[in-house]
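No lab work stands behind these numbers, since they all come straight from the coordinates. Remember, it's a predicted structure, so these values are computed and weren't measured experimentally. Note: ideal-geometry Cβ built from the backbone for every residue, glycine included; neighbour counts use all protein chains shown.
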Amino acid sequence: MTASVDDRDAPGDALPAQARVWLRLLASGEVKASDAEAFQRWLHTSEAHRAAFHEVKQRWAALRPVSGEYLRTRPAAAAAHERALQGRNFGRRAFLGAAVSAAAVAGVAVVAYPQGGLWPAAGEGTADDRTAVGEQRTLALASRVQVTLNTQTRIRRERAAGQLTGIDLLSGEAAIDLLAEGGPFGVVAGAGRSLAHAGRFEVRHLDGKVCVTCVEGALRIEHPAGVRALQAGQQAVYDAQSLSGIARVALENVSAWRRGELVFDQTRLAEVLAEINRYRAGRVLLVNGAAGEKRVSGRFRLASLDSALAQLEHTFGLRARSLPGGLLLLS
């Protein structure tokens, strides 16, 4: 990999972005001699360049206290981090001198806070449609098909013989409204596919787990582990290996996001905060493991999530500490 941010005449507001590119490269374990030379040239272009890199490095450093907690509470992220460490050749960076310490900081922070908006998420470029943090958007994909994307959602449109046949829900949450009877419309998510001819259903694909809810009409879930036929008010969950049975759910709670609300019923505080994180810029991290097991019941407006956090802090006696990069630490 060869970096291409050696722009000596870059305006001041471009320098922080360039510094982030360099820091990410230094943390990647893929630094070549040409990269190191280019980095040194960029760094010594001016005092402004050095100040920009120092500022970005300091922001990453501020994340170190919370990165360990993030990895401890997210086994999948911890495993990915371990694989990345095993695959790196740190000897190739020995000649970088002072830059090595910056890379060490970034190597942890990249795992701890990958959705900080500093670079596109993995696979971002493969999506046809996407929403940002807190954004919801309704798409008219065909005359009878409307798809509403919830926050941080990415989809790819699926076609056959020039006709739209469904979507691939790469990540996030989508509500599908089939306004008239017609051919099957499918939603691929993870290892399974949900098919319906009419009605309404919702699919949520997060952290390798997929939840399918039939809101109106009927649908069919096809999965390597079996098939499920859902009616209105029913839900099934699957991952790469398994497919659950059929459960009854409260549709008012499941679809609350479409009304601008989050509804919880005896939900663990840790799960509540994880859900809030999907809609709120920055990130909330709970470092009090015992508090994470406490139960929450309530209704919160998506437009007032900071008020919801203040209410949770008061209810459970938590202390809040703001960190750079939009992080809020609760203890």
Report task. For VAL145, enumerate residues with amide H under 5 Å from its amide H, sequence gap 5+ or separate chain, H modeled in the peptide plane. Result -> LEU179
**Report entry** Mean separation of Cα contacts under 8 Å (6+ apart) over length of segment 138-201, as relative contact order %
**Finding:** 28 percent
Requested in this report: Determine ³J(HN,Hα), in whole Hz, for all residues of segment 320-331 in sequence, where each value follows from phi through the Karplus function 6.51 cos²θ - 1.76 cosθ + 1.60 and θ = phi - 60°; x replaces Gly and Pro.
Outcome: 10, 9, 8, 10, x, x, x, 7, 10, 9, 10, 9
Report task. Report the equivalent ellipsoid semi-axes for segment 260-330 in whole Å, largest first, defined as the square roots of five times the eigenvalues of the gyration tensor built from alpha carbon atoms. Result -> 17, 15, 10
Requested in this report: Would you pull out the residues with amide H under 5 Å of VAL215's amide H, same chain only if 5 or more places away, H placed 1.01 Å from N?
Outcome: ARG200, PHE201, GLU202, GLY233
Report summary line: Note, segment 163-175: 3J(HN,Hα) by Karplus (6.51, -1.76, 1.60, θ = phi - 60°), whole Hz, Gly/Pro = x, goes 10, 5, 10, x, 9, 10, 7, 5, 6, x, 9, 9, 10
Query raised in the report: When the Karplus curve 6.51 cos²θ - 1.76 cosθ + 1.60 is applied with θ = phi - 60°, which whole-Hz ³J(HN,Hα) does each residue of segment 131-140 get, with x for Gly and Pro?
Result: 10, 8, 4, x, 8, 10, 8, 9, 10, 8
Report summary line: Given 163-172, 299-308, the highest-first ranking by average Cβ count within 10 Å works out to 163-172, 299-308
Query raised in the report: Quick one: which of 199-208, 225-234 comes out on top by average Cβ neighbours within 10 Å, and what's the full order, highest first?
Result: 199-208, 225-234
**Report entry** Whole-number percent relative contact order across segment 145-251, with pairs defined as alpha carbons under 8 Å at least 6 apart
**Finding:** 18 percent
Requested in this report: Report the local net charge at ARG228: Lys and Arg +1, Asp and Glu -1, summed over other residues whose C-beta lies under 9 Å from its C-beta.
Outcome: 0
